[in-house]
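First up is the structure itself, then whatever we jot down about it.
The values are calculated or read from the model by the stated rules, or taken from the named source; none is laboratory data. On a predicted model such as this, the values are computed, not experimentally measured, just so you know. Backbone-built Cβ (ideal geometry, glycine too); neighbour counts: all protein chains shown. The accessibility values were calculated without ligands, DNA or RNA, using every heavy atom of the protein model including side chains. Shrake-Rupley method; radii C 1.70, N 1.55, O 1.52, S 1.80 Å.
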Amino acid sequence: IQLISKFLFILIVVIGLLFYDPFIAILGGLVLFGIYVAIYLFTRNKIKRNGQNITDMSLLRSKITLNSFGGVRDIIHMDKQDFFADKFKFASNSFAQSLALNSILSTFPRFIVELISLGGVVLTLTLIYKPESNTFTKLIPSLVVFALLLLKLIPAFQVVFGSLAKVKANLPAF
């Protein structure tokens, strides 16, 4: 539901910006979209591999647990507690590492996008600013509007990206 609502929010904001300043709206939208697509293409295979590992290790942990409880007398009699504990520990560590890495991969694009977008705003200000010209004072309101909307759009893009990353990571479970 969040994926759909944030996607609709992004669409409405971009359409509204098209009425305000079509060139900057299209350019800004394409840059944000392009950054997130590039990051997704860069991370999708790792997210998919981690999702497969999460599924495999979860099944292995369940299998180890069932086997150890089913033959608890034999395990104690044959002194194999460490064997099952080590197998379970390996599966749990691998499961936790993959889960943590997927969490990091689904949240880190926000910081990259914020860096690039705020850097773009500062770069625009430095390129436009000329003390003797009157264009700077005319551009400030537009720049403020786009900067504020950018601060609203980045979290929405992040929710969409994070949702798609979770879907990609959980596909191997099905």
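Points to keep in mind about this one:
- Rounded accessible area per residue of the chain, 1.4 Å, Å²: 68
- Long pairs among 46/166; 6/168; 63/89; 6/166, criterion Cα-Cα beyond 23 Å: none
- Amide H within-cut-off set for residue 108, under 5 Å, with H built and near neighbours excluded: none
- Loop sites in segment 56-129: trypsin sites (Lys or Arg not before Pro), DSSP, at most 14 other Cβ within 10 Å: 80
- Modelled label positions at residue 75 and residue 118, each set 7 Å beyond Cα in the direction of Cβ, lie 5.0 nm from each other.
- Of the solvent-accessible surface of the chain, computed with a 1.4 Å probe over protein heavy atoms with every protein chain present, carbon and sulfur atoms account for 71 percent.
- Axis angle, to the nearest 10 degrees, between helix 109-128 and the longest C-alpha principal axis of the chain: 20 degrees.
- Neighbours of residue 154 by Cβ distance under 13 Å: Lys/Arg scored +1, Asp/Glu scored -1, total +2.
- Label point distance in nm, residue 127-residue 20, each placed 7 Å from Cα along Cα→Cβ: 2.0
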